[in-house]
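Step one of this worksheet: look at the structure below.
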Amino acid sequence: MSAPLTVAFPKGRIAAPLARLLAGKPLEIPPFSGRGLVVDVSGKRLRFLVLKDFDVPTYVRRGAAELGIAGSDVLAETECDLPRPLEFPFGRCRFSLLAPASLENPFPEGRAVRVATKYVRLTRDYFDRRGMAADIVPLAGSVEIAPQMKLADLVTDLVDTGETMRANGLVEVEKIRDVSPHLIVSRAALARRRREVFGLLEILEGMIAS
Amino acid sequence: MKRRRAEGVESRRGPALIHRLPAGAAAYVFEEAARRRRAEDRIVQGLRAAGYREAIVPSADYLAPYLTHLSAREERELYRFVDRHGDTLALRADFTIALARHLAPRLAPGSSLERVFYRGEVLRGGSRDGAGAEFYQIGAELLGDPSAAADVEVVERCLEALEAAGARGAHVVLSAVGALEEMLAPDASGEPARRLADAIRERRLSDTDRIAREVSAGFGQRVRRLLEGDLPPGDPLLDRLGAGRESLVRAAGALSGRRGCRVALDVAEPPPRSYYTGFFFSVYGESGGEPVAGGGRYDDLYGAFGGPRPAVGFALGLEGVVGGSA
């Protein structure tokens, strides 16, 4: 019997709605409990790797997982060009440029704007398209406080309800792109286990549609 | 004195750099190095026995002649530098273009078949996780033969080389540049055809179904076969291909009985490099996420360097076969 199909599962903001979807029929994947990061689902021939969101494309691209779930923000930031057969109907949000609400002109005159972000590539591309110089401050999280702490003038980050943004005195200057979660698949998995992969995709497609 | 020298190393370069490797670089010593050389020797022996002669090309070259043959992404992967005369050079990221550049002027016009092989390091940067920045490539080219038989020969040589290196199992994906568009053409054209081809290449199930339904009611089933990408050699969709059909069908037939080899005709597979003009293939091993080998036809490349002739070839990355940086 062949090894289980391995799915890279992101433990970030889409983990909860994704787990709810997977718990539905016919897959009925029980919630991942405990601290184990490799979860074998008995009887389903599926293995889940519980990973940081930004690590999902690496696991799939390097063949450690056949499939994975990642936001289009992560896929764009990591320049992931793997096939993405399914889009999930939850976890949709936007990637936006944010500025302190008190700021009259978000772009300082006479110097490059300083922007804090987890998304260095997407932010650089955005300012390139605008034809503006930007000094990018890479951060791993809590980027919303960077303007308060004088670390940056602006921030780029995901905005869902906008609650965190407002709680930190920020307003949305511009939406840069829409973001949604996608299922990605390794091309090697398509070559090696095409039938199994498409079998699982059809099941997931049905679960998303229902 | 010893103490001063140690301090000097620390202050100029930092102590960590004594042991640290650049992203994607690898060093092999002792038995690991010997194992690699043995695999390389077996591959080279097989190629020589099949009549392929070795070509050696520079590991760095002027950038300009290469640029028109690279996609934006391939160009970003280059390690480039400025030499002491102010010219921009790039480290070798691929043998095929280099070989065309240096071999084309040396080939007599209309000369007969040439079988050439090469080996050496290539360097490609740009990957976020540093994967595969440096790897050892061995490949072969068959010049002057536009036939499907030449395409089949090259795929077979590639699989022989992989076997010689010790690869167990090969999953071969056969495709051709433009084949997907040719298969869609009788039903869809213009913008819908372009959107449909994009959706199929990205295997986007619902987008593909939706766009296909917009084109015509019964189109969805046919298009789904293209998306799933395992057409049987007798599939009527292949009849929509022109000259490219023969290479695909003959290669699939030739490889189908081969031990440890599984073949798929998948016209949604992207070509390994942007200079391919027709038939191409990717070979995946039993593990790893990237192809261990790939190849195809690049009939325009030699003409760009003044020696027009059809060409088909393959290359494999030794690390993917014998282990090492993936």
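The values are calculated or read from the model by the stated rules, or taken from the named source; none is laboratory data. Because the structure is a prediction, the values reported are computed rather than measured. Cβ atoms come from the backbone with ideal geometry, glycine included; neighbour counts cover every protein chain shown.
In table form, for the structure just shown:
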quantity	calculated
Residue in the range B:253-266 that is among the polar types (S, T, N, Q), over 30 Å from B:Tyr28 (Cα atoms) and more than 19 Å from the chain's Cα centre (by Cα) present	yes
Hits in the range B:204-222 - residues which are farther than 21 Å from A:Leu204 by Cα and part of a loop (DSSP other than H, G, I, E, B)	B:Ser216, B:Ala217, B:Gly218
Some residue of the range B:266-275 being surrounded by 21 or more Cβ atoms within 10 Å (Cβ to Cβ) and among the hydrophobic types (A, V, I, L, M, F, W, C)	yes
Residues (surrounded by fewer than 19 Cβ atoms within 10 Å (Cβ to Cβ) and outside any strand (DSSP E or B)) located in the range A:175-192	A:Ser180
Filter result (touching a residue at least 40 places away in the same chain (Cβ under 8 Å) and of a type in the set (A, V, I, L, M, F, W, C)) within the range A:23-48	A:Leu27, A:Leu46, A:Phe48
A:Glu196 vs. criteria of a type in the set (D, E, K, R), outside any strand (DSSP E or B) and in contact with a Ser or Thr (Cβ under 7 Å, 6 or more places away or on another chain)	no
Answer residue from the range B:183-203, given it is in contact (Cβ under 8 Å) with a residue 24 or more places away in the chain and not in a helix (DSSP H, G or I) and is nearest to the other protein chains (Cβ to nearest Cβ) among those	B:Arg203
Check on A:Arg166, assigned by TED's automatic domain parsing to the domain that holds A:Arg47 and either in a strand (DSSP E or B) or on the phi < 0 side of the Ramachandran plot (or both)	no
Of residues in the range A:59-73 being outside any helix (DSSP H, G or I) and in contact (Cβ under 8 Å) with a residue 60 or more places away in the chain, the one nearest to the other protein chains (Cβ to nearest Cβ)	A:Gly63
Pairs with Cβ under 7 Å, 6+ apart, first in the range B:257-276 and modelled with pLDDT under 95, second part of a loop (DSSP other than H, G, I, E, B) and charged (D, E, K, R)	B:Gly260/B:Arg168; B:Arg273/B:Asp94
Matching residues, the range B:223-243, being under 30 Å from A:Leu67 (Cβ atoms) and assigned to a helix (DSSP H, G or I)	B:Val223, B:Arg224, B:Arg225, B:Leu226, B:Leu227, B:Glu228, B:Leu237, B:Leu238
Positions within the range A:142-174 being surrounded by fewer than 14 Cβ atoms within 10 Å (Cβ to Cβ), without any contact (Cβ under 8 Å) to a residue 40 or more places away in the chain and within 16 Å of A:Arg92 (Cα to Cα), in sequence order	A:Thr161, A:Glu163
The listed residue being closer than 30 Å to B:Leu238 by Cβ, more than 14 Å from every other protein chain (Cβ to nearest Cβ) and either without any contact (Cβ under 8 Å) to a residue 40 or more places away in the chain or crowded, with 22+ Cβ neighbours inside 10 Å (or both), out of B:Ala108, B:Ala179, B:Ala165, B:Ala170	B:Ala179
Complete set of residues in the range B:250-292 that are within 12 Å of another protein chain (Cβ to nearest Cβ) and of a type in the set (A, V, I, L, M)	B:Val263, B:Ala264, B:Leu265, B:Ala268, B:Val283, B:Val292
Single residue of A:Pro89, A:Pro85 found to be surrounded by fewer than 23 Cβ atoms within 10 Å (Cβ to Cβ), within 11 Å of chain B (Cβ to nearest Cβ) and under 18 Å from A:Leu201 (Cα atoms)	A:Pro89
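Quick grid of which residues meet (1) closer than 27 Å to B:Val155 by Cα; (2) part of a helix (DSSP H, G or I):
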{"residue": "B:Val44", "(1), (2)": "yes, yes"}
{"residue": "B:Arg48", "(1), (2)": "yes, yes"}
{"residue": "B:Asp61", "(1), (2)": "no, no"}
{"residue": "B:Ala100", "(1), (2)": "yes, yes"}
{"residue": "B:Ala104", "(1), (2)": "yes, yes"}
{"residue": "B:Tyr118", "(1), (2)": "yes, no"}
{"residue": "B:Val122", "(1), (2)": "yes, no"}
